[in-house]
1. Just subtract the alpha-carbon distance of Phe104 and Arg348 from 0.36 nm times their residue separation and send over the number in nm, one decimal.
2. What order, most packed first, do the peptides 24-30, 340-346 have when packing is the mean number of other Cβ atoms within 10 Å of each residue?
3. Only Cα pairs within less than 10 Å get springs; with that Gaussian network setup on the chain, which residue of Ala317, Ala206, Ala137 has the largest fluctuation?
4. Pairs Lys25/Lys117; Lys117/Lys149; Lys128/Lys149; Lys106/Lys179: which are spaced more than 22 Å apart, C-alpha to C-alpha?
5. Please identify every one of the trypsin sites (Lys or Arg not before Pro) in segment 59-142 that sits in a loop by DSSP and has no more than 12 other beta carbons within 10 Å of its own beta carbon.
6. In whole Hz, what ³J(HN,Hα) sequence does segment 71-77 give by Karplus (6.51, -1.76, 1.60; θ = phi - 60°), x for Gly and Pro?
7. At a Förster distance of 45 Å, what's the computed FRET efficiency of Asn175 paired with Ser363, Cβ-Cβ distance as r, to 0.05?
8. Could you let me know the centre-to-centre spacing of segment 288-336 and segment 211-245, using Cα atoms, in angstrom?
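A short reminder: the numbers here are calculations on the coordinates, not readings from a lab. A quick note: this is a predicted structure, and the numbers were derived from the prediction, not measured. Methodologically, a virtual Cβ is constructed for each residue, glycine included, from the backbone with ideal geometry; neighbour enumeration extends over all protein chains shown.
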Amino acid sequence: MVEILDTTLREGEQTPHVTFTIPEKLEIATLLDEFGVDIIEAGHPRVSKDICEAVKNIANQGYNASVLAHCRSLQEDIDLALSCDVDWVGIFFCVSNKRIEQHFRKNIENIQAQIAKTIEYAKDHGLKVRYTPEDTARTEYSTLIPVLKSAIDAGADRISIADTVGAMTPLTMYNFIKKIQSDLDIPLHVHCHNDLGMATANALAAYEAGVRLIDVTVNGLGERVGITSLSELCVSLQSLYHVNNNWKFELLLDLAQKVSEFSGLPIPTNAPVVGDHAFIHNAGLHVAAVLHNPEFYEVFPAELIGKKRTFILDKMASSQTIKQKLEEIGINARDDQVTTILTHAKSREKGVISDEEIYRLLSLGQPNSIMFQ
Ligand code: HCA
Ligand code: CU
């Protein structure tokens, strides 16, 4: 069984130009809980007062989902998380040689001890702990493993493998997870950035390799170009791997639209799953096949997420497209009328044939224009 952690409210609020109000966060969290995510990463309480308040508010809603606060490896951050009543803390600290040498300028033994001390402190105070060595994928393995072992000895419940800059491919991700699992005995999480467009593919590779939990955001929000998208991941898990987590797929569009509205970022029309084009069929041959069985050109049925499939009438159309279109607008056309429209569509270099044009071609009055003449 694979779990989902949604971090729209933490990673997602790090999207350039995106901020959420507390009521917006509560609305998103409530929908995520209803959808059935396992953990809601509600924010990093140290960042601002309103974030701290939002995390506390979300943690006290009585959701089925557990609530996690993002923390630096510092006791003061754990104390703040405790004051927010969360179940989990996600402690992050990058231990790559370069970062330690060029940025932190501390020795690795001290860093390792500090991480272990923070984890012990959190565990002593009843919290569940995820430790993320940021940029895990590019961290020297010989540095990484001792730090992870010491984190596990200190009581970490989970380790998250973060592809912080989206530098992995499905194959390198699969092999990396397998290797870590052979060296450590702890459930793994995965967090995949989308800088090269591979976030969902990499998350699925991590799933194939056996990770326990996958991080996502609604609409794939996050730093720079974001991380794995909730809808892409869950629909893939359901339709390609037959994962049955009782997710309420019918809420995905609502979630996508709410987050789009609150973030001010429109859903691209060609976005997988929730984009407007996801169930519009165009080429005549496709439409003809889909009218027999949608599965010929749909990897999962539109109905799963409460969408309707539609068809485009332009020069790509076949006579089946025309018949279907006419049926949709309530016209029972003769074959010669279908041919008239098809000929017209084929002669049009650019653009879609509108309903008005169909009425005109068939010399029929439009229901509305008749009424208001
Ligand atoms: C960040 C980076 C992070 C952390 C992930 C985690 C990443 O914004 O702090 O703490 O699990 O991609 O490494 O999102
Ligand atoms: Cu991230």
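1. 81.5 nm
2. The most tightly packed comes first, giving 24-30, 340-346.
3. Ala317
4. The answer is Lys25/Lys117; Lys106/Lys179.
5. Here the sparse-neighbourhood loop sites are Arg105, Lys106.
6. Ordered by residue, 3J(HN,Hα) equals 9, 6, 7, 9, 4, 4, 6 Hz.
7. That gives a FRET efficiency of 0.10.
8. Their Cα centres are 29 Å away from one another.
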